[in-house]
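Chemist: Okay, handing you the structure first.
Where a number appears in this text, it was derived from the coordinates with a stated rule and is not lab data. As the structure is a prediction and not an experimental result, all values here were calculated from the model. Cβ placement follows ideal geometry from the backbone for every residue including glycine, while neighbour counts extend to all protein chains displayed.
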Amino acid sequence: MTERHWGKTAVVTGGANGIGRGIVERLHADGANVVIADIDMVAATSLSDALGANAVAIETDVRDEGALASCVSQTVEQFGALDIMVNNAGYIMFSPIVETAADDWRRMMDVNINGIFLGMKAGAQQMIAQGKGGAIINASSGGGRKGVPNFAHYCATKAAVIMMSQAAAGEMAPHRIRVNCYTPGHVETPMMSGLLDKIAGAQGTSRDEAYQALEDEVPWGRWGKVEDVAAAVSWLSCNDAEYITGQCIAMNGGQLPW
Amino acid sequence: MYALDGKVALVTGAGRHRGLGEAMAKRLAADGARVVITDIGKEKGVQFAAEHIGTTAEMDAIADEINAAGGTATAHICDVTEEDQVAGAVKKAVDTYGRLDIMINNAGIGYLMTDILNLEQRDWDAVLNVNLRGVFFGVKHAAQQMIAQGEGGTIINVASQAAKRGFAGAAAYVSSKHGVVGLTRTAALEFGPNNIRVNSICPNHVTTGLGAWQNEHFSAAGGQSEDDYMTAMQSRIPLGRVGLTSDIAAMAAFLCSDQAPYVTGQNLDVSGGEEMH
């Protein structure tokens, strides 16, 4: 059951840390060549060194169309093809609407929406040229299905990802490129860890209490793990998912309606 | 070493060749699970073509095929509309293989299609009893067993594309499948603390025996040739083909595996992009 992606090549944007790192590690363990496309080259290089021969780090700012095109062409140069494009790069911030600076709003749109659009475009152009299909997987979130106070910016971007993915699925089906997205609940990552203090501050609770309150919302009784997301991404990329496109796959421990 | 080694699965409505239940049972067996397949089963050799019900002989043949392929399966008669028979099927799994880890509530009825103005209570009840009451009994008795074992488990209910949109002329079927979604969400909430994941699969058209009948029925009802009907259907599907039983089996295998440890309460479309919500 391991090495299901033997010989395939995957690009994971934002692959150096958090969920992206989990996806990189899982796809690599499943036999794929992996490209860690990230702006954090210290973490990206450290990860590619740890993984060894079938992993490379490529500095990629997803807001930059040229950088994504270059990332894809370097990937093809290195590994011969691109089969799996995981547009994972994104970030979250705590910011009530009335306190959100327009520039902070625009920056989030730029990374979380434009970055995914540009990643889909660069990945699909290569896959169409190759003529053998492929899998594109985009990072959405439970926040894209249900509004969360103080995260209007983030929720807006993640809802956009769902609709972009659906539109892309229809557009790219004739090329046998499947486009899906994943919608986790709260996942234990460095980014969420940083956020907890702000959530606790807004609620007037301790960090531990804020953590517990979020855990209590989950029927499964625990926070999500990066491995939960990575396992589903690996499956969405494999041949078993050949008829799955335009879908949001949720891993949220039953936290509904996410 | 396979993904489901050591697991025991029960698949209802798995006694028809070409069916979703057969494909899921065979896939789980190939992945290492020991499988109890059930169907309503009529007497060996007796065909009930008019009612579209499989025979015991056909169900036994499917179990034999699994065993001949190196898997482990046994067949058991179960009418899912009868609570004691569903409880009996769970008991059969436990008696035969010692436990129950995976319950697939697949048995369904897709005939009796009539517009609402002409839909009789008898037909409404027949469809709801199999498709919704039967799933309720399956969820209830599988969960009871899994809770008693104390090691969690996985329950999969087979819903449909008809759980996500209406279809003219199929009110009872559509209502029953929407009901399965509500039942799935609620069961996921109730059994989360017991580490039992509950999800549903929503296929679009698959040309099973039932699917073939539906093509015949709906093309005739719409005054189309079956070819034109199928061409129009395929043109609505982004991936350009109808579903295969293997597509549904692959999703079931995923949901049962350790690749989906945090996926519960979901209703997953396997539809080539025809449904996206």
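Chemist: Fewest first, what order do B:Met233, A:Met85 take by the number of other Cβ atoms within 10 Å? Can you show the working numbers first?
Modeler: Values: B:Met233 17, A:Met85 32.
Sorted ascending by nearby Cβ count, the order is B:Met233, A:Met85.
Chemist: Quote the charge dipole size of segment B:176-277 about the Cα centre in Debye, to the nearest 20; the model charges only the Cβ of Lys and Arg (+1) and of Asp and Glu (-1).
Modeler: On the way: 5 positive and 10 negative charges, 66 e Å.
In total the dipole reaches around 320 debye.
Chemist: Taking the number of other C-beta atoms within 10 Å as the exposure measure, put A:Val226, A:Val76 in order starting with the fewest. Can you show the working numbers first?
Modeler: Numbers: A:Val226 20, A:Val76 15.
Listing A:Val226, A:Val76 from fewest to most nearby Cβ atoms yields A:Val76, A:Val226.
Chemist: So how strong a dipole does segment A:105-249 carry about its Cα centre when Lys and Arg Cβ are +1 and Asp and Glu Cβ are -1, to the nearest 20 debye? Walk me through the numbers on the way to the answer.
Modeler: Numbers: 13 positive and 13 negative charges, 125 e Å.
Roughly 600 debye for segment A:105-249.
Chemist: Please report the net charge: other residues with Cβ closer than 9 Å to the Cβ of B:Arg16, K and R +1, D and E -1.
Modeler: Working: positive: B:Arg18; negative: B:Glu22, B:Asp39, B:Glu58.
Cβ neighbours under 9 Å give a net charge of -2.
Chemist: Residue farthest toward the positive end of the dipole of the protein assembly as shown, with Cβ of Lys/Arg at +1 and Asp/Glu at -1: which of B:Tyr173, B:Gly222, A:Gln247?
Modeler: B:Gly222
Chemist: Rank A:Gln74, A:Pro96, A:Leu27 by how far each Cα sits towards the positive end of the charge dipole of the protein assembly as shown (+1 on Lys, Arg Cβ; -1 on Asp, Glu Cβ) and give me just the farthest.
Modeler: Of the candidates, A:Pro96 comes out farthest on the positive side.
Chemist: Further, regarding this structure: To make sure I understand, if each residue's beta carbon is the centre and we count other beta carbons within 10 Å, what order do B:Tyr262, A:Tyr211 fall in, fewest to most? All intermediate terms of the calculation are to be shown ahead of the outcome.
Modeler: Numbers: B:Tyr262 25, A:Tyr211 19.
Lowest to highest Cβ neighbour count: A:Tyr211, B:Tyr262.
Chemist: Please report, in debye to the nearest 20, how large the charge dipole of chain B is about its Cα centre when each Lys and Arg carries +1 at its beta carbon and each Asp and Glu carries -1 there.
Modeler: Details: 21 positive and 31 negative charges, 116 e Å.
Computed about the Cα centre, the dipole is about 560 debye.
Chemist: OK, next. Per residue of segment B:95-108, in order, report the coupling 6.51 cos²θ - 1.76 cosθ + 1.60 (Karplus, θ = phi - 60°) as ³J(HN,Hα) in whole Hz, putting x for Gly and Pro.
Modeler: Along segment B:95-108, the couplings run 5, 7, 10, x, 5, 9, 10, 9, 10, 10, 8, 9, 3, x Hz.
Chemist: Using the Karplus curve 6.51 cos²θ - 1.76 cosθ + 1.60 with θ = phi - 60°, what ³J(HN,Hα) values do you get for each residue of segment A:169-174, in whole Hz, with x for Gly and Pro?
Modeler: 4, x, 5, 9, 4, x
Chemist: Farthest toward the dipole's positive end in segment A:168-214, which of A:Thr205, A:His175, A:Gly185, given Cβ charges of +1 (Lys, Arg) and -1 (Asp, Glu) about the Cα centre?
Modeler: A:His175
Chemist: May I ask you to derive the relative contact order of chain B, considering only C-alpha pairs under 8 Å and at least 6 residues apart, and to give it as an integer percent? List each step's numbers first, then the result.
Modeler: On the way: 580 pairs, mean separation 52.5, N = 277.
Relative contact order here is 19 percent.
Chemist: For segment B:149-277, what is the relative contact order in percent, using Cα pairs closer than 8 Å and at least 6 residues apart in sequence? Can you show the working numbers first?
Modeler: Numbers: 193 pairs, mean separation 42.6, N = 129.
About 33 percent, as a whole number.
Chemist: Also, I was wondering about something else. With an 8 Å Cα cut-off and a minimum separation of 6 or more residues, compute the relative contact order for chain A in percent.
Modeler: On the way: 536 pairs, mean separation 49.4, N = 258.
In percent, rounded to a whole number, it is 19.
Chemist: Once amide H atoms are placed 1.01 Å from N in the peptide plane, what residues at a sequence separation of 5 or more from A:Val34, or on another chain, have their amide H within under 5 Å of its amide H?
Modeler: Residues meeting the criterion, in which the H sits 1.01 Å from N, are A:Ala10, A:Ala55, A:Val56.
Chemist: May I pose another question? Could you list, in their original order, any pairs among A:Lys158/B:Lys164; A:Lys198/B:Lys164; A:Lys225/B:Lys92 whose Cα atoms are separated by more than 27 Å?
Modeler: Details: A:Lys158/B:Lys164 22 Å; A:Lys198/B:Lys164 38 Å; A:Lys225/B:Lys92 36 Å.
Beyond 27 Å between Cα atoms: A:Lys198/B:Lys164; A:Lys225/B:Lys92.
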